[in-house]
Amino acid sequence: MIDEPNSETRENPGAEPGAAGSGLLMGMIILTLLLMFLGAVYFDRHSGWFNKQVYGPYASTSQLEEYQPKSGAAAAAAHGKQVYDTVCGICHGFDGLGKPGLAPALASSEWVITKGSDRLIRIPLSGLSGPMQVNGKDWSLAMAPMGAALSDTDLAAVLTYIRSSWGNQAGEVTAESVKSVRTTLGARPQPLTGGQLKSMPE
Amino acid sequence: MKSGLWIFLAAFISVGGSWLGLVYGPVHQLGGAEQTTVLNSTDTYPLQRTGDATLGLQIYRANGCAACHTEQVRQTGVACSVMLTDAGKTPEAVTNLISSLTLTNLIKEDADKIADKIAAAGGKAEIHMLATGPDIARGWGMRQSVAEDYLYDLPVQLGSLRAGPDLANIGVRDPDANWQLTHLYAPSAVVKGSAMPPFRYLFELHKIGDMPARDALQFPKDFALPAGYEVVPTSEAKQLAAYLLSLRANAPLYSAPISP
């Protein structure tokens, strides 16, 4: 069966076909708007509104913020351990007990658990040479200035880690005190001997 | 053409809308991506590749590696676990407390609550956060890939088909240049049943002269070369290996926080 031409064409054969009056168009518009609304809801719930930091499984900036590793003491300790394991642990042992013939123990060492932190900060910054007594044992080895290349925050974090691990319970080392010691030492400090170090303030 | 204006508007809106969504949106969102710092550290991430590795990206591209390998790790969730670091002065109380609690596979909120409980009992605890998902279970990475990982890739070699494993962290997973080169020369010599075609035209088979070449490949014992011959990588092979070793997308970042 052939469709009958509609009344409009019959009355006015020159006119263009139009979509006016068709109920379908309104339905399409409503459907499109509904889909756009659902899309916007999806973005709101899943992407922190196009925030470039927010990727899937995190749904929003606040959730991402919640999942950041805690800053402050816990994060500094974690970072300090990381620096220790890459810079210090190879000689001083990952358990802080030292290695015979390589480096003395840091656990309960009288050089580590001092009241102030300035003397300890000098050791990684200028290095050591010559004889030195650590907990009653004689050592005569050289230590390179391993900490000279570390940033103030990294060195502070690793010293804090050393002073608070393996039973050590000395106070925190701040980046400011590392900075001030570094300034007093100057650009190319000479390696210290045990005697020199002892004469310096804690 | 009495509806000419409407046709123009409809075309304008559909083309313009696509441009907004597919070009302007992504550029606005990620076009300004720049170096960032590794979490809880002062290290910059990512660092520019070395010259060899930068050229290696073009060798990777020229040989169609991205047809079978992706460089994108997907993540579906996060699992937190609480680790006791110090039992404090009343170890019995703390051990009794933690024996009654689930300490792994938690959401962050619950992990925080448990850490607070342990702190109240006199102990110290750390919260570790691990990314989870099928790609991470396969050992392809520690976290998902984010925009910063591709900052120095031009063009980015995302890939869409995984006939081979994902390579986003291949420099962490196999940091040995000789392994990478041997694998390119004869994949099945180092990976049993590998489906990867050998890329032998990136190497030269030489007769050994007075002494073996310094950078000749070290093959596993059961791989037999013709007697008196050695395999020397060309500069292309070395650049490709340098690029592969530079693929190390595992630093914890603000947008992909992990604390293993």
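Quick look at the numbers
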{"item": "Counted residues, the range B:1-36 - those being open to solvent by 70 Å² or more (accessible area, probe 1.4 Å) and touching a residue at least 40 places away in the same chain (Cβ under 8 Å)", "result": "2"}
{"item": "Condition met for B:GLN48 (touching a residue at least 24 places away in the same chain (Cβ under 8 Å) and closer than 21 Å to A:GLU65 by Cβ)", "result": "no"}
{"item": "Any hit, the range B:107-126, residues being surrounded by fewer than 19 Cβ atoms within 10 Å (Cβ to Cβ), within 14 Å of another protein chain (Cβ to nearest Cβ) and closer than 30 Å to B:LEU167 by Cβ", "result": "no"}
{"item": "Filter pass, B:MET129 being within 13 Å of chain A (Cβ to nearest Cβ), of a type outside the set (D, E, K, R), surrounded by fewer than 17 Cβ atoms within 10 Å (Cβ to Cβ) and not in a helix (DSSP H, G or I)", "result": "no"}
{"item": "Failed condition for A:LEU35, given (1) under 37 Å from the mean Cα position of the chain (by Cα); (2) closer than 30 Å to B:GLN29 by Cα; (3) at pLDDT 80 or above", "result": "(1)"}
{"item": "Residue list for the range B:197-256, restricted to those being open to solvent by less than 70 Å² (accessible area, probe 1.4 Å) and acidic (Asp, Glu)", "result": "B:ASP215, B:GLU230"}
{"item": "Residue check for B:VAL78: in contact with a His (Cβ under 9 Å, 6 or more places away or on another chain) and not basic (Lys, Arg)", "result": "no"}
{"item": "Test result for A:SER177, hydroxyl-bearing (Ser, Thr, Tyr), closer than 24 Å to A:ASP85 by Cα, open to solvent by less than 50 Å² (accessible area, probe 1.4 Å) and in the same structural domain as A:ALA78 (by TED's automatic domain parsing)", "result": "yes"}
{"item": "Lone unmet requirement of (1) touching a strand residue (DSSP E or B) at 6+ places or on another chain (Cβ under 7 Å); (2) in contact (Cβ under 8 Å) with a residue 60 or more places away in the chain for B:ALA125", "result": "(2)"}
{"item": "Close pairs from the range A:143-155: first in contact (Cβ under 8 Å) with a residue 12 or more places away in the chain and within 14 Å of another protein chain (Cβ to nearest Cβ), partner open to solvent by 50 Å² or more (accessible area, probe 1.4 Å) and of a type in the set (A, V, I, L, M), Cβ under 8 Å, at least 6 apart", "result": "none"}
{"item": "Sole residue being of a type outside the set (Val, Ile, Thr), out of contact with any strand residue (DSSP E or B) (no Cβ under 8 Å at 6 or more places or on another chain), surrounded by fewer than 19 Cβ atoms within 10 Å (Cβ to Cβ) and not in a helix (DSSP H, G or I), chosen from A:ASP85, A:ASP95", "result": "A:ASP95"}
{"item": "Number of the condition not met by B:LEU47 [criteria: (1) assigned to a helix (DSSP H, G or I); (2) away from every other protein chain (no Cβ under 11 Å)]", "result": "(1)"}
{"item": "Qualifying residue in the range A:69-76 (condition: more than 28 Å from B:LEU151 (Cα to Cα), more than 8 Å from chain B (Cβ to nearest Cβ) and of a type outside the set (Lys, Arg))", "result": "yes"}
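The values are calculated or read from the model by the stated rules, or taken from the named source; none is laboratory data. Every value quoted in this text rests on a predicted model; they were computed, and no experiment measured them. All Cβ positions, glycine included, derive from the backbone under ideal geometry; neighbour counts span all protein chains shown. The protein model used for the area step is the full one, side chains on, heavy atoms only, and it has no ligands, DNA or RNA in it. Shrake-Rupley method; radii C 1.70, N 1.55, O 1.52, S 1.80 Å.
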